[in-house]
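All remarks here apply to the structure that follows.
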Amino acid sequence: MEKRRGAWGAGAGVIWFIGWLFTIGFANLIWWKIILGIVVWPLFLGQYLR
């Protein structure tokens with residue numbers, strides 16, 4: 001039986017991306033707020049988790 005490593009990580013990434021797209025559509029964000037969110041959100045998340 002072959003073990004699949006990384007399958008859960010790929011699935012989690014796809015689910016995160018779908019959720020991110022839903023949030024953009026739900027919040028009716030304009031393009032510059034979307035770009036700002038892409039740049040700033042990981043920064044704040046990294047500082048919080050550190």
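May I ask you to verify whether ILE15 is in a helix (DSSP H, G or I), modelled with pLDDT under 80, among the β-branched types (Val, Ile, Thr) and out of contact with any strand residue (DSSP E or B) (no Cβ under 8 Å at 6 or more places or on another chain)? So ILE15 fails the test. Residues in the range 22-37 that are surrounded by 10 or more Cβ atoms within 10 Å (Cβ to Cβ) and part of a helix (DSSP H, G or I): 9 in all.
The values are calculated or read from the model by the stated rules, or taken from the named source; none is laboratory data. Since the structure is predicted, the reported quantities are computational estimates derived from the model, not experimental observations. All Cβ positions, even for glycine, are placed from backbone atoms using ideal geometry, and neighbour counts span all protein chains on display.
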